[in-house]
Amino acid sequence: MTLIDSRPGLRSPTKGLLPLIALLALNLAACSGGSSPAGEPAPPAPVASCNPSDPATAAECGTLILGLTDADGDFLSYAVDVVSLTLERADGSIVETLPTGARIDFTEYTDLTEFVTAALVPPGVYVAGRITLDYAAAEVLVEAAGEAKAAIVVGEDGTPLTRADFRIVLSDRDRLQIVRGLPSLLSVDFDLDASHSVDVAPSPAVAVASPFIVAEILPVDSKDFRLRGLLVETNAAEMTYTVAIRPFHLLDGEFGRAAVLVSDTTEFEVNGDTFTGVDGLRALQAAGPRTPTIALGTLDVAAREFTARLVLAGSSVPGVDIDAAWGNVISRSSDSFVVRGGTVQLADQRPFFHRDITVTIGPDTKIFRTGFDGPLDGSAISVGQNVVVRGDVSVSDTGIRIDATAGAVRMNVTHLAGIVNAAVPGQLDIELHAIDRRRVGIFDFTGTGTGPETDADPANYEVATGNLLLANQAIGRPVLVYGFPNAFGAAPPDFTGRTVVDFAGVRSVLGVGWGAAGTAAPFLSIGNDGLVLDNHNPDIDLRHYIKQGPVLVDLTGLDSGTLIVPLETGRMLFVLKTGDSLQLYADFADFASALADALAAGGTARSMFARGLYESDGNRFVAYRIGVHILEP
């Protein structure tokens with residue numbers, strides 16, 4: 001079962017394709033022909049070489065599956081216009097993969113990769129690319145003291161960005177091979193955290209951009225995938241359905257076809273009704289062709305197969321036929337609750353961001369919870385819960401409201417970050433720091449308990465863990481928990497955990513900057529076995545931290561230099577940024593050598609980021625991704 005169908009006529013160059021991306025690379029050779037022996041009929045006239053704009057040459061093209069992802073950052077919204085994404089072949093020829101630009105909010109993609117298109121491109125080896133972003137109408141928001149605050153994005157010289165053009169280079173290991181008639185996959189990650197230094201003090205806040213936009217054949221980070229599109233057909237016998245891709249919140253255009261695999265446990269919500277497995281496929285078939293769909297699931301890169309865990313279709317797709325909003329519940333009373341960080345999408349219109357949205361529910365509101373089979377009532381929705389609400393939106397001087405009394409609410413998995421207070425079989429008590437990356441101080445837990453004395457207490461938030469293993473938990477260590485808040489008015493426990501990630505597995509981020517001029521000596525040593533950061537370099541600026549879940553470690557307060565080493569095994573990516581170019585390395589020794597050479601040649605280090613695991617006991621950071629920005633002399 002091939003993921004992509006690249007038949008001609010299925011990709012419409014109408015509206016917003018977009019960059020970035022998860023794409024499969026198959027290093028296969030294209031077929032070649034020869035001349036006919038004497039006496040045999042002459043071969044047919046040669047077919048013209050691939051011209052992506054000419055459907056007659058589609059059979060001579062390869063297929064590039066475009067997707068989009070982003071690493072987490074300090075932004076609530078980062079909406080910019082993507083103007084162009086070009087690829088460069090080894091022979092120097094340039095191919096435009098985006099026939100038109102599109103607007104995208106990168107913060108929507110910190111936890112997933114979205115399939116964007118199946119673009120027809122000429123076969124060949126592709127070695128580089130270039131992406132152009134237009135900031136003229138950017139909508140950028142950061143969080144300051146629990147509130148959303150507008151920000152402007154400026155270049156390193158302090159000038160507000162208008163249009164920025166960035167070159168992307170693939171590592172030697174990951175040259176992109178496009179083969180006639182076959183799909184390939186490329187992942188381009190706009191790492192917001194690595195790409196910006198944010199100062200929230202001024203109004204508006206200022207985000208200094210030095211973009212790290214990285215392309216990968218096999219992404220280092222493992223994420224869920226999302227596929228949006230219009231239903232083409234279903235096949236109950238093969239447990240699949242096919243869509244015409246229409247990514248993000250686009251209102252028209254079709255960008256190739258994709259097959260979605262369904263298992264017996266795949267959850268479906270179709271026009272407000274729930275199904276599982278083949279019954280969901282039958283409901284899709286009954287909904288009919290061109291029904292809007294969204295699928296969340298996993299991609300098997302080797303098999304080129306996408307398997308859905310959850311499928312929404314028809315009016316169950318947010319913003320289809322009915323208004324929608326999504327965010328986290330920050331307070332509740334009776335049949336009303338407030339959603340913070342809410343994104344609002346009016347029916348068949350582009351979504352927009354709003355700080356607070358008041359939601360009203362009633363006895364006829366349909367309540368769904370991902371991974372739960374059975375009816376729920378409104379009491380299931382409690383403070384902290386991540387929700388998608390469908391209903392009627394109204395706007396007035398007092399704010400935005402959504403009436404869901406005849407609508408629906410879907411409860412999504414919610415993420416907690418905190419510090420372990422106590423761990424016993426079946427329960428974990430934590431000092432709660434954040435819910436879905438939002439500071440816990442914005443949440444009002446009044447009414448969550450069976451009485452005022454049992455309302456959830458963020459200083460000692462009680463998590464039911466069932467049979468989850470907690471052997472590695474340690475008092476005072478960071479922890480991440482995925483699950484759902486308990487029903488409103490039913491605490492304790494305050495939360496039911498489905499997954500617990502202890503301090504040893506909590507992903508960490510290291511970030512440091514050295515001012516506008518950079519520093520000539522950012523490291524105490526550079527070697528094939530690691531880098532030793534000079535934590536007391538006098539040029540270090542406001543960025544000097546390690547984020548380990550909810551814990552923030554001040555690098556300048558550590559007694560010794562932080563040792564940064566690569567993972568012993570697994571896929572890794574190391575990046576050197578110079579000017580508007582990125583050079584990617586799969587081998588740490590090659591990266592370390594290039595970094596040392598750049599500094600020896602008079603370059604200065606402007607900033608650095610790393611992602612991996614931090615071992616606080618030994619001040620050792622084990623990284624699977626490192627990036628350093630070098631200012632050339």
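Give just the number: which of (1) part of a strand (DSSP E or B); (2) farther than 22 Å from residue 408 by Cα does residue 275 not satisfy?
It fails just one condition, (2).
Restricting attention to the stretch 346-369, which residues are polar (S, T, N, Q) and in contact with an Asp or Glu (Cβ under 7 Å, 6 or more places away or on another chain)?
Result: 360, single match.
When the stretch 139-159 is examined, which residues are found to be within 26 Å of residue 582 (Cα to Cα), surrounded by 13 or more Cβ atoms within 10 Å (Cβ to Cβ) and either assigned by TED's automatic domain parsing to the domain that holds residue 582 or of a type in the set (Val, Ile, Thr) (or both)?
140, 152, 153, 154, listed by residue number.
Would you confirm whether or not the stretch 198-217 contains a residue that is farther than 17 Å from residue 106 by Cβ and modelled with pLDDT under 80? Lay out the reasoning, then the answer.
Residues of the stretch 198-217 that are farther than 17 Å from residue 106 by Cβ, as a first pass: 199-204, 206, 217.
Checking the rest, the ones that are also modelled with pLDDT under 80 come to 217.
Yes, some residue in the stretch 198-217 is farther than 17 Å from residue 106 by Cβ and modelled with pLDDT under 80.
Are any residues in the stretch 110-127 surrounded by fewer than 22 Cβ atoms within 10 Å (Cβ to Cβ) and within 25 Å of residue 585 (Cβ to Cβ), and if so, which ones?
Scanning the stretch 110-127 gives 110, 124, 125, 127.
Exactly one condition in (1) buried (at least 18 other Cβ atoms within 10 Å of the Cβ); (2) closer than 20 Å to residue 269 by Cα is false for residue 413; which is it?
Among (1) buried (at least 18 other Cβ atoms within 10 Å of the Cβ); (2) closer than 20 Å to residue 269 by Cα, the lone unmet condition for residue 413 is (1).
Checking residue 325 against (1) part of a helix (DSSP H, G or I); (2) surrounded by 22 or more Cβ atoms within 10 Å (Cβ to Cβ), which single condition isn't satisfied?
Every listed condition holds for residue 325 apart from (1).
Condition test on residue 234, is it touching a Leu at 6+ places or on another chain (Cβ under 7 Å), closer than 27 Å to residue 111 by Cβ, among the polar types (S, T, N, Q) and at pLDDT 85 or above? Quick ask: steps written out before the conclusion?
Working: touching a Leu at 6+ places or on another chain (Cβ under 7 Å): yes; closer than 27 Å to residue 111 by Cβ: no; among the polar types (S, T, N, Q): yes; at pLDDT 85 or above: yes.
Taking the combined requirement at face value, the residue does not satisfy it.
Give me the strands (runs of 3 or more DSSP E) completely within the stretch 394-455, filtered to those with at least 1 residues that are within 20 Å of residue 466 (Cα to Cα) and among the hydroxyl-bearing types (Ser, Thr, Tyr), ordered by residue number. Break it down into steps so the answer makes sense when it comes.
On the way: elements: 399-412, 414-424, 427-435.
It comes to 414-424.
Say we look at the stretch 221-268 and pick out the residues that are charged (D, E, K, R) and part of a loop (DSSP other than H, G, I, E, B); which of these is farthest from residue 314 (Cα to Cα)?
Kept after step one, since they are charged (D, E, K, R), are these residues of the stretch 221-268: 221, 223-224, 226, 228, 233, 238, 246, 252, 254, 257, 264, 267.
Next, only the ones that are part of a loop (DSSP other than H, G, I, E, B) stay: 221, 223, 238, 246, 252, 254.
On the way: 221: 31, 223: 25, 238: 22, 246: 14, 252: 15, 254: 17 Å.
Checked the stretch 221-268; the qualifying residue farthest from residue 314 (Cα to Cα) is 221.
Within the stretch 369-387, how many residues turn out to be buried (at least 21 other Cβ atoms within 10 Å of the Cβ) and of a type outside the set (Gly, Ala, Ser)?
5
Out of all the residues in the stretch 477-510, which are in contact with a helix residue (DSSP H, G or I) (Cβ under 7 Å, 6 or more places away or on another chain) and surrounded by 16 or more Cβ atoms within 10 Å (Cβ to Cβ)? Can you show your working first?
Here is the first cut: in the stretch 477-510, the ones in contact with a helix residue (DSSP H, G or I) (Cβ under 7 Å, 6 or more places away or on another chain) are 477-479, 487-489, 491-492, 509.
Those that are in contact with a helix residue (DSSP H, G or I) (Cβ under 7 Å, 6 or more places away or on another chain) and surrounded by 16 or more Cβ atoms within 10 Å (Cβ to Cβ): 477, 478, 479, 487, 488, 491, 492, 509.
Residues in the stretch 112-131: is at least one part of a loop (DSSP other than H, G, I, E, B), modelled with pLDDT of 80 or more and touching a strand residue (DSSP E or B) at 6+ places or on another chain (Cβ under 8 Å)?
Here is the first cut: in the stretch 112-131, the residues part of a loop (DSSP other than H, G, I, E, B) are 122-123.
Now narrow it down to the ones that are modelled with pLDDT of 80 or more: 122-123.
Subsequent filtering for residues that are touching a strand residue (DSSP E or B) at 6+ places or on another chain (Cβ under 8 Å) retains 122-123.
Yes, some residue in the stretch 112-131 is part of a loop (DSSP other than H, G, I, E, B), modelled with pLDDT of 80 or more and touching a strand residue (DSSP E or B) at 6+ places or on another chain (Cβ under 8 Å).
The values are calculated or read from the model by the stated rules, or taken from the named source; none is laboratory data. Please read all numbers here as calculations on a predicted model, not as lab measurements. Using ideal geometry, Cβ is built from the backbone for each residue, glycine included, and neighbour counts are taken over all protein chains shown.
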